[in-house]
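Chemist: The following block contains the structure, expressed as structure tokens.
Nothing in this text is a laboratory measurement; each read-out follows from the coordinates by a stated rule. Keep in mind it's a predicted model, so treat the numbers as computed, not measured. Neighbour counts run over all protein chains shown; Cβ positions are idealised from the backbone, glycine included.
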Amino acid sequence: MVRRPGPVSRDEAAAALGLARQTAAFHLDRLADESLLDVVYERRSGRAGPGAGRPAKLYRRSTTQIAVSLPDRRYELAGRLLAQSVEESAATGEPVREVLHRKADELGTQLGEPAGGSLLDLLERYGFEPRHEEGAVVLGNCPFHALAREYTQTVCGMNLRLLRGALHGLGERGYTACLSPGPDRCCVRLEPVD
């Protein structure tokens, strides 16, 4: 499917994979049911009108995008924040890092506002793997791990502002977000407010 420029019939898929036609049809239909393939109907004979025959059921790669990452990573979110910040900085002359911090805070607030759940639910949903440790909330996973390793100051600063915004959006006054880098966890830690 990926290498073919156009849709593929059941017979073509079966021949390419060395499968029985029924087996190929079963798997193609299952993939279509899961929106991984799109189904189209075309007459391949070149004939039209009465007597041209029934259109063939064909399959092509779906435009649905699926990404799986273990542990959870959110590079698209980081990329959008960074791209928005560069664009706005170029348009306004405001330093990129200042724009990035403001945009991250705004996004964090937006993420927290409609959440309606707890702080831990929100952190879990965005892949931070939160856990309680001596009154604080430690984030066992950094959704921006590879970027944070290479661009620590920029990405960890963005993450800090994102989580401060989330706390604000949730109306959470029991914790404050602070930088506290450590091995095998996120650089941000949520400390209880005294």
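Chemist: In whole Hz, what ³J(HN,Hα) sequence does segment 15-23 give by Karplus (6.51, -1.76, 1.60; θ = phi - 60°), x for Gly and Pro?
Modeler: So the J values, rounded to whole Hz, are 5, 5, 9, x, 10, 5, 4, 5, 5.
Chemist: Which one, LEU123, ILE66, THR23, is farthest towards the positive end of the dipole of segment 1-124 when Lys and Arg carry +1 and Asp and Glu -1 on their Cβ?
Modeler: THR23
Chemist: How much length is gained on full extension from PHE26 to TYR75, taking 0.36 nm per residue of separation minus their Cα-Cα distance? Show your work: numbers first, answer last.
Modeler: On the way: separation 49, 0.36 × 49 = 17.64 nm, distance 3.50 nm.
My answer for the length gained is 14.1 nm.
Chemist: Angle check, please: helix 75-92 long axis (alpha carbons) against the longest principal axis of the chain (alpha carbons), in degrees 0 to 90, nearest 10.
Modeler: 70
Chemist: Let me test this: with uniform point scatterers at the alpha carbons of the chain, what is the Debye-based log₁₀ I(q)/I(0) at q = 0.08, 0.11, 0.16, 0.19 1/Å?
Modeler: So the normalised log intensities work out to -0.47, -0.67, -0.93, -1.20.
Chemist: Work out how much length ARG131 to ALA52 would gain on full extension: take 0.36 nm times their residue separation and subtract the Cα-Cα distance, in nm to one decimal.
Modeler: 22.0 nm
Chemist: Could you give the alpha-carbon Rg of segment 8-61 over 2.2 N^0.38 Å, rounded to two decimals?
Modeler: Computed over Cα atoms of segment 8-61, the ratio equals 1.21.
Chemist: Tell me, what is the percent relative contact order of the chain, built from C-alpha pairs under 8 Å that lie six or more residues apart? Please report the intermediate quantities before stating the final value.
Modeler: On the way: 278 pairs, mean separation 33.2, N = 194.
Dividing the mean separation by the residue count of the chain yields 17 percent.
Chemist: Also, quick follow-up: Rounded to whole Å, give me the distance from the Cα center of segment 153-183 to that of segment 112-150.
Modeler: Going from one Cα centre to the other spans 9 Å.
Chemist: Which of ARG61, ARG97, ARG164 ends up with the largest GNM mean-square fluctuation for the chain, with Cα atoms connected below 10 Å?
Modeler: ARG61
Chemist: Separate question: Net charge near ASP38: determine it from the other residues with C-beta under 15 Å of the C-beta of ASP38, scoring Lys and Arg +1 and Asp and Glu -1. Each step should come with its number before you reach the end.
Modeler: Working: positive: ARG4, ARG10, ARG30, LYS57, ARG60, ARG61; negative: ASP29, ASP33, GLU34, GLU42.
With Lys, Arg at +1 and Asp, Glu at -1, the neighbours total +2.
Chemist: Using helices alone, I'd like the mean residue ellipticity at 222 nm for the chain: each DSSP H run of four-plus residues gives -39500 (n - 2.57), total over residue count, nearest 500.
Modeler: That calculation yields -14500 deg cm²/dmol at 222 nm.
Chemist: Out of LEU147, LEU37, LEU82, any idea which swings most in a Gaussian network model of the chain, alpha carbons joined below 10 Å?
Modeler: It is LEU37.
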